[in-house]
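Undergrad: I am attaching a structure below and will ask some questions about it afterwards.
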Amino acid sequence: MPFFIILIAVFLAMNVGANNAAAEMEAAYRTGVRTKKEALILISIFVILGAIISGLPVLKTLSEGIVPVRTFKAYFYIVFVVMAVSAAYDFISSIFKVSIPTTYAVVSSIAAAGIYYETMNVDRYTDILVWWFLSPICIFGVAFIIGKLLNFKAIKGYSYLKEEKRGRALLGALLTFSGCYVAFAGGANGVGKAMAPVVAVGFIDTRWGILMAGIGIAAGALIFGKAALETDEREMGEIGFVRAIIIELLCATALLAASMNGIPLSVSVTVTASLTGLGCADQGIMRSFKKHHIVRNLLMWLIVPFTSAWLTYFLLHLLKVILK
């Protein structure tokens, strides 16, 4: 049984890697700086490094910070419910080709288990909600300001770099670095999303959980990331070298800061916030919001936590009735 559960957790980690691949290296791939193979290999290396070096705080938050370990061990089937909810949202995202913040689904599912058994750490979950609310606003604001600065004629001279050979090489190196930075931060923040319930229930220890999750995320990027690089709807690679670098640096910094504080964030939310901030600076708020489907995304960000919590609560109650 533990082996089977760990295998499912690794598969969920692979989904994390597949879903994040576009955000991590799409710009470098679409601008021709990196080939598809190079992009996927770099993602794999840096997500594992991120998981090993900085993945522990988020894993601890999700395995024992929101709901105590004793609750997971007393009601071990919580691990099945959380995994089922996570898989359901991954399935919906794949079938309907919509960007769903599965991080929100996993965290809210764990919180719902804590509510059901009256053991949730309200303060810790509140910290996470505050980060979820403030981080997209802050990222949007910083991206908007930077976008306005880039539009000033006095500093628009960077555009000549794209035509000059050395300048293009420099921008390409920076774009590769920023993509690797996102992969590192994504690995650090993504570890707990798949492996936390398995660690909490005691099927695997923390060190092996981090390593297995990192390998799973890397494998997901290698195996399933090809399609994500080609089809991602955000089109980061279409906005130019400098703006793509800014977006990736903003996202990676936010993710890494959150990881160090044990806060799980959504890669798709941070990318959308920074991309929209730059878009608003360039095209105006109304045009950019329409182009980037921000209203749909906002609704999704609000709906997913509530629906995942409700689904978890329902499944736990159903299992309680069945197992009586």
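Undergrad: Considering only residues that are in a helix (DSSP H, G or I) and over 23 Å from Ile263 (Cβ atoms), which ones fall in segment 21-40?
TA: Selection gives Met25, Glu26, Ala27, Ala28, Tyr29, Arg30, Lys36, Lys37, Glu38, Ala39, Leu40.
Undergrad: Filter segment 85-123 down to residues that are under 15 Å from Phe72 (Cβ atoms) and charged (D, E, K, R), then give me how many there are.
TA: 1
Undergrad: Ok, one more. Among the helices (runs of 4 or more DSSP H) lying completely within segment 41-138, list those that include at least 2 residues that are in contact (Cβ under 8 Å) with a residue 60 or more places away in the chain and under 24 Å from Leu222 (Cβ atoms).
TA: Working: elements: 56-60, 69-74, 78-96, 102-116.
By residue number, 56-60, 78-96, 102-116.
Undergrad: Taking the condition of being buried (at least 19 other Cβ atoms within 10 Å of the Cβ) and either among the acidic types (Asp, Glu) or within 19 Å of the chain's Cα centre (by Cα) (or both), how many residues in segment 67-92 meet it?
TA: Residues flagged as buried (at least 19 other Cβ atoms within 10 Å of the Cβ) and either among the acidic types (Asp, Glu) or within 19 Å of the chain's Cα centre (by Cα) (or both) within segment 67-92 amount to 6.
Undergrad: Could you pull out the residue among Ala143, Ala183 that is modelled with pLDDT of 90 or more, surrounded by 13 or more Cβ atoms within 10 Å (Cβ to Cβ) and touching a Phe, Trp or Tyr at 6+ places or on another chain (Cβ under 8 Å)?
TA: Unique residue meeting the criteria: Ala183.
Undergrad: A follow-up question, please. Taking segment 259-299 only, how many residues are outside any loop (DSSP other than H, G, I, E, B), surrounded by fewer than 19 Cβ atoms within 10 Å (Cβ to Cβ) and modelled with pLDDT of 85 or more?
TA: 1
Undergrad: In segment 2-30, what residues are within 19 Å of the chain's Cα centre (by Cα) and not aliphatic (A, V, I, L, M)?
TA: Within segment 2-30, Phe11, Asn15, Gly17, Asn19, Asn20, Glu24, Glu26 qualify.
Undergrad: Looking only at segment 230-258, count how many residues are of a type in the set (Ser, Thr, Tyr) and either under 13 Å from Gly186 (Cβ atoms) or modelled with pLDDT of 85 or more (or both). Show your work before the answer.
TA: The initial filter retains those residues of segment 230-258 that are of a type in the set (Ser, Thr, Tyr), namely 231, 253.
Those still in the list that are either under 13 Å from Gly186 (Cβ atoms) or modelled with pLDDT of 85 or more (or both) too: 253.
Summing the residues that are of a type in the set (Ser, Thr, Tyr) and either under 13 Å from Gly186 (Cβ atoms) or modelled with pLDDT of 85 or more (or both) in segment 230-258 gives 1.
The values are calculated or read from the model by the stated rules, or taken from the named source; none is laboratory data. Treat the numbers as computed from the prediction; the structure is a model and nothing was measured. Ideal geometry is used to build each Cβ from the backbone, glycine not excepted, and the neighbour counts take in all protein chains shown.
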